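Any read-out appearing in this document is the output of simple, stated calculations on the displayed coordinates, not a laboratory observation. Note that this is a predicted model, so its numbers are computed, not measured. For neighbour counting, all protein chains shown are included, and Cβ atoms are generated from backbone atoms with ideal geometry for every residue, glycine included.
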Amino acid sequence: MARIDFYDGSSAHAHEARVFVQDGAIIIHANGHGYTIVASEVEPTLSTPNARRFIHLPHHMALEFHDNADAEHLLDELNAAHLKPMRWFDKHYRSWSFISSAFAVFVVLIAAIYLFVLPAASDAIAQRLPADSLNIMSQSVITELESSGYVKASTLSATRQAELLAKFNALKKPDTSVPFTLHFFSAPDIGPNAFALPSGDVVLLDELVNVANSDAQILGVLSHELGHVAHRHTMRNIVQSGIVSFAVSAWLDDYGNTLLNLGASTILSQKYSRDFEREADDYAIKMMKMNNLSPAELADLFVLMEKQQTESNSNTTESEESSIIDLLQSHPPTPERIATLRAAAQTK
Ligand SMILES: [Zn+2]
């Protein structure tokens, strides 16, 4: 057995000690005194390759082991239940397999937070934001769209606008409490599109109205947008993409501005997830069927939008393209979505 030093808690002086275990307690003989320490009051440090191992005792007393094997032997004999997890950790924490599994757990944890906790938190926050904040944010987005020249006044006649609005208002809605205000704008650079703001303000572009073959197609797109509003998708996107930077800004005491900027920038560059698009399509299918409109109309419009999009893409310059594509990507009409809409048209 190598040397073991005892510190009595009142002086920094080390006393060579004789240490053994008896009846579940550590017995220490040092400096002419005897000490009995019960197992529950024993606190070993972790073992490290380059430093001596200590066992801390009550009243600032401590044992210092010149050889860790002696400490291990003593702790084995003591066999204290409360030290089992710590001793297990001590035996493994420097091994590669432990470090790599700890790293794997860490990665899985971060992934789980990103995939499950963040969306759920965004959803919960988005559902609880007061209508006022949604209105302020949505208004700032419309203002920004206009002042930046993204959108211009609609060229549709007042009669045509009123006709479309009346047709949409006349439709039965799956949920009458969902807010909805229709805005007509023109945006030749953006092309055929429509998008929903968190407040229920829906922007319908002339280009979409013009590319549509029937009003039923336009009503289908508006039903789809109402689905985004009903599920608060835009708000969930904003909250989710902004949760981190918002936290930082809130900490820096600047969150009023951040919320507005975040709202505008996220909506302008937003890409709804596949799940969100599917939910909005499902909403549109339900609503169209309630009103004896065929969901296939929406599928047809998606095909027309896509066709127009491909044509206009080949006519735009590189620099124009990036800003335009962002908005259009809010509604990627995948073959899967088109097939779902057509299939829904076949069933009652
Ligand atoms: Zn959509």
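What is the ratio of the Cα radius of gyration of the stretch 78-130 to 2.2 N^0.38 Å, where N is its residue count, to two decimals?
Ratio of Cα Rg to 2.2 N^0.38 Å: 1.88.
Within 10 Å, count the other beta carbons around each residue, average over each peptide in 160-169, 281-290, and list them highest first. Walk me through the numbers before you get to the answer.
Values: 160-169: 14.2, 281-290: 21.0.
Averaged packing, sorted descending, gives the order 281-290, 160-169.
Once the dipole of the stretch 4-92 is set up with Lys and Arg at +1 and Asp and Glu at -1 on Cβ about the Cα centre, which of Ala71, Phe89, Gly24 lies farthest towards its positive end?
The listed residue farthest towards the positive side: Phe89.
Measuring from label point to label point, each 7 Å out along Cα→Cβ, what is the Ala2 to Thr334 span in nm?
For Ala2 paired with Thr334, the spin-label model returns 6.2 nm.
Phe106 versus Ala343, label points 7 Å from Cα toward the beta carbon: distance in nm?
About 4.3 nm, to one decimal.
Which trypsin sites (Lys or Arg not before Pro) in the stretch 36-126 sit in a loop by DSSP (not H, G, I, E or B) and have at most 13 other Cβ atoms within 10 Å of their own Cβ?
On the way: sites: Arg52, Arg53, Arg87, Lys91, Arg94; in loops: Arg52, Arg94.
Those that pass, being in a loop and sparsely packed, are Arg94.
May I ask you to order 75-85, 98-108 by the average number of other C-beta atoms within 10 Å around their residues, highest value first?
75-85, 98-108
With N set to the number of residues, divide the alpha-carbon radius of gyration of the stretch 17-129 by 2.2 N^0.38 Å and report two decimals.
Cα-based Rg divided by the globular estimate yields 1.63.
In the structure displayed, which of Lys289/Lys348; Lys286/Lys348; Lys307/Lys348; Lys152/Lys173; Lys172/Lys348; Lys173/Lys348 lie more than 20 Å apart, Cα to Cα?
Lys307/Lys348; Lys152/Lys173
What nm distance separates the two modelled labels at Asn292 and Asn68, each placed 7 Å from Cα along Cα→Cβ?
Rounded to a tenth, the inter-label distance reads 8.3 nm.
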